[in-house]
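Read-outs: derived from the displayed coordinates by stated rules, not from any lab. The structure displayed is predicted, hence computed values, not measured ones. Note that each Cβ is placed from the backbone with ideal geometry, even for glycine, and that neighbours are counted across all protein chains shown.
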Amino acid sequence: MRATVMYEAGDVRVEDVPDATISEPTDALLRVTRACICGSDLWPYKTMEPDEAGARMGHEFIGVIEDVGSEVTDFERGDVVVAPFFYSDGTCDFCGDGLHTSCYQGGIWGREGVDGGQGEAVRVPHADGTLVKLPVEVDDALMPSLLTLSDVFATGHHAAVSARVGEGDTVAVVGDGAVGLCGVIAAKRLGAEQIIILGRHADRTDLAQEFGATDVVPERGREATERVRELTGGQGAHRVLECVGLEAAFDTALRIARPGGAIGRVGVPQFDHLPGAGLGFFNNVTISGGVAPARAYIPELLPEVLEGRFEPGRVLDTEVGLDDVPDGYRQMDERESIKVLVKP
């Protein structure tokens with residue numbers, strides 16, 4: 001079968017790899033019908049050291065069940081399903097607590113011999129605990145929005161939940177990528193009254209306003225802090241969603257948070273120490289977040305996506321076939337696209 005493999009920074013190829021097959025009785029074999037490129041895929045695209053074996057890519061996908069192992073009970077051939085970006089057994093203590101990303105038997109796609117989602121097929125470990133059935137046809141018009149449940153919408157929601165967004169809050173979203181834009185949707189959904197998007201790309205901030213953002217701050221650093229303070233009567237935002245992962249973005253999040261406020265951080269951190277620890281301490285700012293347990297959020301978010309209440313799929317502004325995935329990486333890296341949908 002064909003799949004995406006990254007060999008070093010900037011070197012992404014689509015090539016023949018061993019066919020996905022069932023190897024455990026709890027596996028399912030999935031034919032991928034939709035996948036996408038994640039903003040987090042751009043970190044190795046910029047920095048990966050050469051690796052002769054290569055890394056299988058892709059952790060966001062929807063597909064059709066082609067076969068199931070003998071112990072799979074919840075799915076059968078022909079089911080349309082969405083896969084969260086971590087697989088999990090659904091039975092351990094952490095899964096029971098809604099933290100599927102810490103499942104003892106879980107993991108992320110494309111590692112430890114597990115197929116990546118940017119390919120023609122995937123072996124799904126622990127299918128009953130991982131997959132969620134979609135009550136739609138394989139080419140339903142809602143597919144882009146349903147695909148965001150695998151990661152990006154769930155991650156934006158996790159940022160809002162971690163920051164404790166509630167009715168009447170002022171929320172600042174740091175980052176105008178797909179996660180930040182989905183964070184705007186999540187903040188609006190949870191009742192935020194004022195939503196400030198910090199971003200400098202007009203096509204993205206325009207979409208953020210369509211999603212519910214009330215203010216746009218294109219400045220960075222100290223100027224961004226001052227502008228947010230102006231928009232919030234000098235107090236800062238009750239809740240801040242940090243959706244980038246760079247040290248400068250986290251520093252900005254701390255500086256624009258209101259004393260007693262909270263930060264939900266979901267940008268994959270590209271730094272080793274926590275900046276601004278003293279500022280957060282003396283302002284009593286709660287810092288939470290991490291890897292989004294998408295499997296826990298999908299049952300809550302799925303009905304509203306099916307109803308068309310929200311359209312997170314609009315962040316997928318470019319579509320490519322599998323052979324054009326390398327160019328999709330380039331487009332996202334060069335900011336020509338917010339997020340690329342892959343249709344194998």
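Here are the numbers:
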item: Region 52-72, residues that are in a loop (DSSP other than H, G, I, E, B), farther than 14 Å from Gly116 by Cβ and not hydroxyl-bearing (Ser, Thr, Tyr); result: Glu52, Gly69, Glu71, Val72
item: Selected residue [under 30 Å from Asp139 (Cβ atoms) and not small (Gly, Ala, Ser)] from Pro218, Pro259, Pro293; result: Pro293
item: Condition check for Asp115: part of a loop (DSSP other than H, G, I, E, B), closer than 19 Å to Glu311 by Cβ and not aliphatic (A, V, I, L, M); result: no
item: Yes/no for Thr286 being hydroxyl-bearing (Ser, Thr, Tyr), out of contact with any helix residue (DSSP H, G or I) (no Cβ under 7 Å at 6 or more places or on another chain) and under 30 Å from Tyr104 (Cβ atoms); result: yes
item: Cβ-Cβ under 7 Å pairs, at least 6 apart or on other chains, region 243-269 side farther than 17 Å from Gly177 by Cβ and in contact (Cβ under 8 Å) with a residue 60 or more places away in the chain, far side among the β-branched types (Val, Ile, Thr) and in a helix (DSSP H, G or I); result: Ile256/Thr225; Ile256/Val228
item: Breaking point among (1) aromatic (Phe, Trp, Tyr); (2) touching a strand residue (DSSP E or B) at 6+ places or on another chain (Cβ under 9 Å); (3) within 30 Å of Met48 (Cα to Cα), for Phe271; result: (2)
item: Some residue of region 32-54 being among the β-branched types (Val, Ile, Thr) and within 21 Å of Ala127 (Cα to Cα); result: yes
item: Complete set of residues in region 1-17 that are assigned to a loop (DSSP other than H, G, I, E, B) and either over 16 Å from Val114 (Cβ atoms) or without any contact (Cβ under 8 Å) to a residue 12 or more places away in the chain (or both); result: Ala9, Gly10
item: Some residue of region 67-89 being within 21 Å of the chain's Cα centre (by Cα) and at positive phi; result: no
item: Checklist (1) over 22 Å from the mean Cα position of the chain (by Cα); (2) surrounded by 14 or more Cβ atoms within 10 Å (Cβ to Cβ); (3) under 29 Å from Thr4 (Cα atoms) applied to Val228, failing item; result: (3)
item: Qualifying residue in region 51-58 (condition: basic (Lys, Arg), free of Cβ contacts under 8 Å to residues at least 40 places away in the same chain and over 18 Å from Pro144 (Cα atoms)); result: no
item: Qualifying positions in region 43-55 - surrounded by 15 or more Cβ atoms within 10 Å (Cβ to Cβ) and within 18 Å of the chain's Cα centre (by Cα); result: Pro44, Tyr45
item: Residue selected from region 148-178 under the condition among the hydroxyl-bearing types (Ser, Thr, Tyr) and touching a Ser or Thr at 6+ places or on another chain (Cβ under 8 Å), by the criterion surrounded by the fewest Cβ atoms within 10 Å (Cβ to Cβ); result: Ser162
item: Answer residue from region 242-301, given it is among the aromatic types (Phe, Trp, Tyr) and part of a helix (DSSP H, G or I) and is farthest from the chain's Cα centre (by Cα) among those; result: Phe282
item: Qualifying residue in region 74-95 (condition: among the small types (Gly, Ala, Ser), out of contact with any strand residue (DSSP E or B) (no Cβ under 8 Å at 6 or more places or on another chain) and buried (at least 17 other Cβ atoms within 10 Å of the Cβ)); result: yes
item: Failed criterion for Ile338 (all others in (1) touching a His at 6+ places or on another chain (Cβ under 7 Å); (2) crowded, with 21+ Cβ neighbours inside 10 Å hold); result: (1)
